[in-house]
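Take a look at the structure below.
The values are calculated or read from the model by the stated rules, or taken from the named source; none is laboratory data. Bear in mind that the values here come from a model prediction, so they are computed numbers and not experimental data. With ideal geometry, Cβ positions are generated from the backbone for all residues, glycine too; neighbour counts draw on all protein chains shown. Note: areas computed on protein heavy atoms with side chains; ligands, DNA, RNA excluded. Shrake-Rupley method; radii C 1.70, N 1.55, O 1.52, S 1.80 Å.
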Amino acid sequence: MAPLFETIKSFHEVQISSEGVETVGFLEATEGLVAMFDLFGSKIFGFVQSDIRSNIGGVRTRYQTHKDSSHTLEELVKFEVINGDHHRHGTACVVRLIRGLALIQHALQRMQDHPDDELHVCFKSAYDVVLRHHHAWVVRGVVTVAIRAVPHRRDFYQVISCGEASEKFDPELGKWLQALEVIVKRMKDFLESGGYGNV
């Protein structure tokens with residue numbers, strides 16, 4: 001089987017222009033991220049997957065019904081506000097999607113930066129920084145238990161690299177994470193500075 005990053009659209013392939021982050025490319029890359037967790041063939045990452053899938057669906061629905069005004073994520077959000085869409089479902093999905101991506105980016109970046117940290121430590125750190133403050137204490141407890149069930153670092157790495165040598169795989173993962181970080185930071189700044197939502 002080919003390594004994951006040779007078979008999915010990478011975040012570094014997503015077009016970013018002065019108008020913003022291309023919606024279709026972003027959704028394709030995000031679906032590739034969900035495919036990464038699908039490789040485990042279980043519900044280990046269910047707490048991440050279901051949320052991301054739901055929000056991909058929300059953004060895609062908004063895009064498909066308003067293609068002319070949703071070429072970029074930023075245009076999609078602005079259009080909802082300008083047209084007085086009180087529900088702003090597309091915007092809410094963008095905000096939650098960026099939160100989920102921020103969690104994953106933080107966790108996997110820590111995994112790369114701290115080779116001795118187990119994966120549950122990386123995800124716990126990411127959760128505490130990115131999502132914990134959005135959740136009530138009951139949800140925090142459930143997520144903490146779910147995080148403890150993530151695979152061991154070596155098993156996770158083996159699955160997503162599909163056995164590829166680290167010399168080849170690590171740079172690809174690094175590029176993917178760097179591009180994801182750029183998108184997350186850009187969208188976080190846009191959403192929060194415009195008053196569209198807090199990531």
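Brief remarks on what is shown
- The set of residues from the range 50-91 being basic (Lys, Arg) and touching a Leu at 6+ places or on another chain (Cβ under 7 Å) comprises Arg60, Arg62.
- Consider the range 6-26 and keep the residues that are under 17 Å from Leu97 (Cα atoms) and among the polar types (S, T, N, Q). The one that is surrounded by the most Cβ atoms within 10 Å (Cβ to Cβ) is Thr23.
- Residue check, Met1 over 20 Å from Val94 (Cβ atoms), at pLDDT 75 or above and either aliphatic (A, V, I, L, M) or in contact with a helix residue (DSSP H, G or I) (Cβ under 7 Å, 6 or more places away or on another chain) (or both): no
- Applying the criterion of being open to solvent by 70 Å² or more (accessible area, probe 1.4 Å) and in contact with a helix residue (DSSP H, G or I) (Cβ under 8 Å, 6 or more places away or on another chain) to the residues of the range 80-105, the residue that is nearest to Gln158 (Cα to Cα) is Arg96.
- Selection status of Val150, modelled with pLDDT of 80 or more, of a type in the set (A, V, I, L, M) and open to solvent by 40 Å² or more (accessible area, probe 1.4 Å): no
- Residue within the range 109-128 that is aromatic (Phe, Trp, Tyr), closer than 29 Å to Thr23 by Cα and at pLDDT below 90 present: yes
- In the range 106-140, the residues that are β-branched (Val, Ile, Thr) and open to solvent by less than 70 Å² (accessible area, probe 1.4 Å): Val121, Val130, Val139
- Tally of residues being hydroxyl-bearing (Ser, Thr, Tyr) and either part of a loop (DSSP other than H, G, I, E, B) or in contact with a Phe, Trp or Tyr (Cβ under 6 Å, 6 or more places away or on another chain) (or both) across the range 169-199: 1
- The residues of the range 104-146 that are over 18 Å from the mean Cα position of the chain (by Cα) and of a type in the set (S, T, N, Q) amount to a single one, Thr144.
- Scanning the range 47-74 for residues that are open to solvent by less than 60 Å² (accessible area, probe 1.4 Å), in contact with a helix residue (DSSP H, G or I) (Cβ under 7 Å, 6 or more places away or on another chain) and over 17 Å from Phe11 (Cβ atoms) returns Gln49, Gly58, Arg62, Tyr63, His66, Ser69, Ser70.
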